[in-house]
Amino acid sequence: MAGVITRDGPPSSDGRQGGPLIVTEDVDLLDDLLRLCAAAGARPEVRHGVPERRDGWDAAPLVLVGDDAVDRVRGAARRRGVVLVGRDQDDPGVWRRAVEIGADHVLVLPDGERWLVDRIADVAEGVGRPALTVGVIGGSGGAGASTLACALAVTAARAGRRTMLVDADPLGGGLDVLLGGEAADGLRWPAFAQSRGRVGGGALEESLPELHSLRVLSWDRGDAVVIAPEAMRAVIAAARRRGGAVVVDLPRRVDEGVAEALAQVDLGLLVVPAELRAVAGARRVASAVGMVLRDLRVVVAGGGGAGRAAGGGIDGLGGFDAEEVARLLGLPLVGELPREAGLLAAQAGGMPPGSAARGPLARFCTAFWERVPVDATGGGS
C-alpha cells in the first residue's frame, strides 16, 4: 500500500494541525504507520523521498522516516521532529543513521507503537503547553475542598482561561450539583470508567457539560462506579493537553486511581480548618499525598473577611493561626480561605462558589491564579 495521501492544511479553528509526513518505500512499514496514524486520528502525507517543495518537509509537524529511506533524506535540511522508524532491534547501525539525518528519536516497531500513536495524536491535536493542573484535597471532612475547587475553576474561566473541572471523588455528591448543572447534557464519569489507551483531548472537552464557561467532568446520580487507574490517567492527560487550567477535586484517600491523578497534578492544595483534630487528620492525608505529589501546599479554612495571603495570620481559630497550621503540617502556606456569607443560598439559586466576582472567595481565587504561574511553574500559563 503506497501513494500520496493529501495532508491537512493549516491548523483549524479548534487547534488541530496537519498530520505527519511519512517517508518510506517499505510497503509493510507504510501499512503499519498508516494504521497508527488512523488510530491517532491523523491524516498523513506519504512520500518516497524528500518533498520537492521545501515547505513540505519544513512545515510538517512530525516526520516519520523509514529506515529504508535514510539515503533519500540524508541531504534534507535539519529540523526538529524527525523520527527514524525501523524494525530490527538488533541493528546497532540504526543510531548512526539517525545521527546522519538529524533524527530526534529512533523507534523500533512493534514495541514503540504506543509511544508513536501518542506522539502523532499530539501533533494532530496541536498540543502546546499543557494545562496548569491544580489538585484540591480536604484535610478533613467538610473542610471546603469542593467549594474551593469550584471557585478556582469558575474564576479561571471568568478570566478567559480554557478551564476544565474534574471531580475525582465519587463519594462527593457531584460537582455538577455545586455548579447548578446536574441536569445539563453531556457525559459523566461512567462513560469513561473503562477507557484504555489515549483519550482525545478535543473529543473529551466537547463531550462534557459546559457550565459557567467551563467544562465539567462529574458523576451521575447512579450507583458508584469504579474508575480504572488507566482511565483516570488517560482522562486527566487528555484534559491537560487542551491547555489552560485543569482543577481536580480529589478525595482524602489515595488509591491507585487517585495516585494516577496526583501524578499529573502540578500543584496540590490541602484545605485544612484551623482546628486540632483537623490538623491531626490533615497530617495523615499530607503524608499519603506527598508520596506521589511533589508540590503540596496548605490553605487554611475558616477565616472571615476577604482572606489573607501567607503571613497575615488568623485570630480566634482554636488557638492556631495560619502560619502555625502550616508549620505543624510542614507545608508551604498559600493563605486563608475566607468564609463567604450567603454562599449556600446563592448555590440554591444556581450561583456556584466564586461566581460573585467581588466576593471574598472569588478575590482569594483570583489572587491565587495571579500568583501561581510564577510560584508553581516558573512562567505564565
State whether region 121-271 is rounded, prolate or oblate according to the following rule on the C-alpha gyration tensor (a ≥ b ≥ c being the square roots of its eigenvalues): a/c under 1.5 gives rounded; otherwise a/b larger than b/c gives prolate, and the remaining case gives oblate.
rounded
Kindly provide the helix-only [θ] at 222 nm of the chain, computed as the sum of -39,500 (n - 2.57) over DSSP H runs of four or more divided by all residues, to the nearest 500 deg cm²/dmol?
-10000 deg cm²/dmol
Just the accessible area for THR24, please: 1.4 Å probe, Å², rounded to the nearest 10?
0
Sorted by chain and then number, the residues having a modelled amide H within less than 5 Å of the amide H of VAL46, at least 5 places away or on another chain, are ILE5, ILE22
So what's the net charge close to CYS150: Lys and Arg +1, Asp and Glu -1, counting the other residues with Cβ under 11 Å from its Cβ?
-3
All other residues with a Cβ under 12 Å from the Cβ of GLY290 taken together, and with Lys, Arg as +1 and Asp, Glu as -1, what is their net charge?
+3
First select every other residue whose beta carbon is under 14 angstrom from the beta carbon of ALA183; then total the charges, Lys and Arg +1, Asp and Glu -1.
-3
Taking a probe of 1.4 angstrom, what is the accessible area of SER213 in Å², to the nearest 10?
80
For the chain, modelled as a GNM with alpha-carbon contacts under 10 angstrom, which of VAL117, VAL108, VAL247 fluctuates the most?
VAL108
Probe 1.4 Å, heavy atoms of protein chains only: per residue, the accessible area of the chain in Å² is 45
Which of GLN89, GLN347, GLN194 moves the most in a Gaussian network model of the chain with Cα springs under 10 Å?
GLN89
Mind grabbing the accessible area of MET351 for me, 1.4 Å probe, Å², rounded to tens?
90
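The values are calculated or read from the model by the stated rules, or taken from the named source; none is laboratory data. Predicted, not measured: the structure shown is a model, and the values here were computed from it. Heads up, the Cβs are rebuilt from the backbone with ideal geometry, glycines too, and the neighbour counts pull from every protein chain shown. Only protein heavy atoms, including side chains, enter the accessible area calculation; ligands, DNA and RNA are left aside. Shrake-Rupley method; radii C 1.70, N 1.55, O 1.52, S 1.80 Å.
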